[in-house]
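Here the structure is laid out as structure tokens; the discussion comes afterwards.
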Amino acid sequence: MQLIITDDAQSMSKKAAEFVADEVRKNPEALLALSTGSTPIGCYKELVRMYNEGAVDFSRARSLNMDEYIRLDKEHPQGYYYFMKHHLYEHVNIDMNRTFGPDVMKENLDETAKEFDQRIEEEGGIDLILLGIGRDGHIAFNMPENELTFATHIQELSEATIQDNARFFDSIDEVPTKAMTIGIENIFKSKKVLLLANGEAKSDIMNAFLNSETLSTHIPATLLKLHPDLTVIMDQAAAQKCVK
Ligand code: GLP
């Protein structure tokens, strides 16, 4: 694992954007799996800035959304497809036909999950997955549980996650309680994993992630430590409890 600790969230975002841009420069057709949440927003802003300066070209790149709330349509402002469009896609030259996510409006959601995994396979697999981390250690929407699922699946969201996500909705009752998410195998088959964390609210979970001597499905992120190409970039605020 490569661990980078930056002074603040802004430098975390810059380093993360450099990492993503490097991947696209080396592999212009890279399939990027991109995360939502507040953590990567600065990274996407930085990528837009780099694109405007001619430092990165997304014209041949491909991208997927790794999760989506069940039954929020593509244009819902709190939906993840809309999020990616709003924060990245519509500001760079990515071809929208090369972006995709699970179709959560489809009647048969088991079919949706299978089709999504099939599409990832057909595209040749994920080259770089950019992940955030929930305060409870979840990655994408793989929640702390006794068992984790290999493939794309429907996930009941934990109470903590529903509460964390309530800030994006008018009231907690509007927060969807289920999502479709890529599974642990999808994450593991990605050639590179980039995990980002910033802010004090992530300091306990980053301490648990980095210093835990065991793997636990109750902290799904701990499994990432087995990935052969994992880079973690976090700021000082998230790292403050990690130094032993
Ligand atoms: C949601 C997303 C995750 C994200 C997490 C953390 O649960 N599905 O992909 O990593 O939120 O969000 P934030 O970056 O806002 O802390």
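So the values come out like this:
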{"item": "Dipole in debye (nearest 20) - the chain, about Cα centre, beta carbon charges: Lys, Arg +1; Asp, Glu -1", "result": "740"}
{"item": "Sorted by Cβ density within 10 Å, fewest first, the residues Met105, Met206", "result": "Met105, Met206"}
{"item": "Shape call, segment 28-158: gyration tensor on alpha carbons, a/c limit 1.5", "result": "prolate"}
{"item": "Mean-position separation - Cα centroids, segment 163-242 and segment 88-125, in angstrom", "result": "22"}
{"item": "Neighbourhood charge, 12 Å Cβ-Cβ cut-off, centred on Pro228 and excluding it, Lys, Arg +1 and Asp, Glu -1", "result": "+3"}
{"item": "Residue (of Ala166, Ile182, Gly125) at the positive-pole extreme of segment 107-227, dipole from beta-carbon charges", "result": "Gly125"}
{"item": "DSSP bridge pairs, the chain: antiparallel proportion in percent, nearest 5", "result": "25"}
{"item": "Order of Asp57, Asp110, Asp67 - criterion: other Cβ atoms within 10 Å of each residue's Cβ, fewest first", "result": "Asp110, Asp57, Asp67"}
{"item": "Rel. contact order, % - alpha carbon contacts under 8 angstrom, at least six apart, segment 99-244", "result": "27"}
{"item": "Within segment 71-193: Cβ-based charge dipole about Cα centre, in debye rounded to nearest 20 (Lys, Arg +1; Asp, Glu -1)", "result": "440"}
{"item": "Leading residue at positive end of dipole, the chain (Cβ point charges), from Asn93, Leu31, Val56", "result": "Val56"}
{"item": "Cβ charges +1 (Lys, Arg) and -1 (Asp, Glu), total dipole of segment 148-237, debye", "result": "500"}
{"item": "Around Lys191: net Lys/Arg minus Asp/Glu count, Cβ-Cβ under 15 Å", "result": "-4"}
{"item": "Rounded to 5, percent antiparallel among DSSP beta bridges of segment 121-215", "result": "55"}
{"item": "Ranking of Asp204, Asp173, Asp164 by count of other Cβ atoms within 10 Å, fewest first", "result": "Asp173, Asp204, Asp164"}
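Computed from the coordinates by the stated procedures, all read-outs in this text should not be read as laboratory data. Keep in mind that this is a model prediction, so the values were computed, not measured. We place every Cβ from the backbone using ideal geometry, glycine too, and count neighbours over all the protein chains shown.
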